[in-house]
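Peer 1: One structure, pasted below without further comment.
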């Protein structure tokens with residue numbers, strides 16, 4: 001009887017081991033990211049108030065897109081997801097890189113939230129599954145205090161010779177207000193880029209007018225962000 005039970009247990013364990021998945025997919029936990037993904041709000045003289053997204057990289061700095069700036073900008077302030085009970089903080093522009101669409105903001109006071117890790121080697125390959133985090137401008141499906149997550153793939157990588165700056169092309173939903181939001185590797189949870197905008201396919205309709213077709217997301221690769229931040233640190237040391 002003991003031998004029989006032993007053989008049965010061995011058989012069951014063997015079946016369990018053979019049928020068990022070799023790799024368990026990591027569950028995406030938005031709470032791990034909600035402290036460093038921020039809403040960037042801009043008040044202008046002639047264009048009203050509009051929003052974008054940014055990434056908190058240390059206790060006083062947020063990186064986002066240069067193109068969100070307007071000539072008549074009056075005020076910039078940062079807000080966190082409604083998941084966090086935190087008042088807005090004013091910010092000022094301290095460093096820019098127009099050619100790579102990057103902007104660095106400095107908060108008027110330090111915050112004690114978890115910040116994003118934007119350093120280290122982050123390989124990106126075609127077909128990599130990613131998440132886009134951000135604050136799409138208020139629509140029927142969102143409000144400006146709600147952090148949204150969209151999933152997709154890296155579908156292409158364009159060198160600088162083919163565009164204004166080296167960029168990642170994403171098969172993912174990108175909405176107005178997502179500019180400056182992080183592109184996160186689904187498997188590791190690491191940031192691999194920053195949303196910069198979209199490319200929209202313009203189609204000729206039957207009546208000769210132009211209509212918008214499908215669009216793809218455009219992201220700034222992490223290595224450009226790292227170079228940008230390193231340049232700021234060098235300039236900041238000299239000032």
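Peer 1: Would you point out the residue of region 1-30, among those that are within 22 Å of residue 117 (Cα to Cα) and surrounded by 10 or more Cβ atoms within 10 Å (Cβ to Cβ), that is modelled with the lowest pLDDT? Outline the logic, then answer.
Peer 2: Filtering region 1-30 for residues within 22 Å of residue 117 (Cα to Cα) gives 25-30.
Then keep just the ones that are surrounded by 10 or more Cβ atoms within 10 Å (Cβ to Cβ); that gives 26, 28, 30.
On the way: 26: 55, 28: 64, 30: 74.
It comes out as 26.
Peer 1: Let me ask something else about it. Kindly establish whether residue 194 is closer than 26 Å to residue 50 by Cβ, part of a strand (DSSP E or B) and either modelled with pLDDT of 85 or more or within 12 Å of the chain's Cα centre (by Cα) (or both). Before the answer, list the steps.
Peer 2: Numbers: closer than 26 Å to residue 50 by Cβ: yes; part of a strand (DSSP E or B): yes; either modelled with pLDDT of 85 or more or within 12 Å of the chain's Cα centre (by Cα) (or both): yes.
When the stated conditions are applied, residue 194 passes them.
Peer 1: Could you say which residue among 62, 94, 37 is closer than 18 Å to residue 134 by Cα and at pLDDT 95 or above? Spell out the reasoning first.
Peer 2: On the way: 94 fails: closer than 18 Å to residue 134 by Cα; 37 fails: at pLDDT 95 or above.
Answer to the selection: 62.
Peer 1: Of all strands (runs of 3 or more DSSP E) completely enclosed by region 135-185, which ones contain at least 2 residues that are buried (at least 23 other Cβ atoms within 10 Å of the Cβ), modelled with pLDDT of 90 or more and touching a strand residue (DSSP E or B) at 6+ places or on another chain (Cβ under 9 Å)? Can you show your working first?
Peer 2: On the way: elements: 148-158, 167-172, 182-185.
The qualifying strands (runs of 3 or more DSSP E) are 167-172, 182-185.
Peer 1: Enumerate the pairs (first residue in region 219-239 and at pLDDT below 95; second residue anywhere and part of a helix (DSSP H, G or I)) with beta-carbon separation below 6 Å, excluding pairs fewer than 6 apart on the same chain, so at least 6 apart or on different chains.
Peer 2: 224/100
Peer 1: Restricting to region 78-91, give me the number of residues that are at pLDDT 95 or above and closer than 23 Å to residue 220 by Cα.
Peer 2: Residues that pass the stated criteria total 1.
The values are calculated or read from the model by the stated rules, or taken from the named source; none is laboratory data. For clarity, every value in this text was computed on a predicted model and none was experimentally measured. Using ideal geometry, Cβ is built from the backbone for each residue, glycine included, and neighbour counts are taken over all protein chains shown.
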